[in-house]
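Working notes, structure below.
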Amino acid sequence: MQSNIHTAAQQIDLTNWREIPVDYGRYRLDVRVPPNCVILGMKEIPLISDPRAAYEESLSHPIGCPPLAEIIRNKKKPAAELTAAVTVSDITRPVPYRGENGLLRPLLNRLEAREWGDLKRVRQPRKSCGSSHLPTVAVRRMST
C-alpha cells in the first residue's frame with residue numbers, strides 16, 4: 001500500500017504548484033498546494049476601541065438568545081431558587097478574566113443584580129497537572 005502511494009505521488013506534476021505559509025504552533029510551515037487550490041484565510045478586523053463597552057453591549061444584546069435577565073425571568077421561579085455556573089478556560093487560553101477590564105466581573109455583577117444571594121466561587125484544578133491556581137471556575141448561589 002505504501003509503495004502505491006509513493007508511486008502515485010511521484011507521478012504528480014508539481015510544475016504550477018505554489019508554496020503557502022501555514023502557522024503551526026510557534027512555527028510556520030511552507031506547504032505546496034495545487035494551482036486550483038482555494039486558500040482560505042482570515043480577514044483583518046479592526047480593534048475594538050472600547051472592549052469593555054462592547055462586552056457590556058454583548059451581554060445586554062446577545063446574538064441568538066435572550067439576555068441573562070430575561071432567561072432568569074422565563075424560568076418562572078424566584079432567582080434565589082435557581083443555580084448558575086460560569087466556566088472559564090484554564091491558563092492555556094489567554095482570556096482576560098480578571099482586573100478592571102476583565103470579562104468575569106461584568107457577568108458576575110449581572111448575576112448578583114438578579115438577587116441570587118451570595119455567590120460562591122469554586123475552583124476546579126486542571127486535571128493534567130493538578131495545580132489549583134488555574135482558573136477553571138464555577139460560580140453558584142450559596143444556600144441560605
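Looking across V22, V38, one residue alone is over 24 Å from L111 (Cβ atoms) and touching a Leu at 6+ places or on another chain (Cβ under 6 Å). It is V22. In this structure, R28 does not qualify as of a type outside the set (S, T, Y) and part of a helix (DSSP H, G or I). On the given criteria, is I63 aliphatic (A, V, I, L, M), exposed (fewer than 10 other Cβ atoms within 10 Å of the Cβ) and in the same structural domain as L108 (by TED's automatic domain parsing)? Answer is yes for this residue.
For region 73-85, a tally of residues being among the hydrophobic types (A, V, I, L, M, F, W, C) and at pLDDT 80 or above returns 0.
Here S58 passes the criteria (1) at pLDDT 75 or above; (2) loosely packed, with under 10 Cβ neighbours inside 10 Å except the one numbered (2).
Restricting region 4-55 to residues that are among the aromatic types (F, W, Y) and outside the structural domain of L103 (by TED's automatic domain parsing), the residue that is surrounded by the most Cβ atoms within 10 Å (Cβ to Cβ) is W17.
The values are calculated or read from the model by the stated rules, or taken from the named source; none is laboratory data. This structure is a prediction, so every number in the text was calculated from the model and none was measured. Cβ: placed from backbone, ideal geometry, glycine included. Neighbour counts: every protein chain shown.
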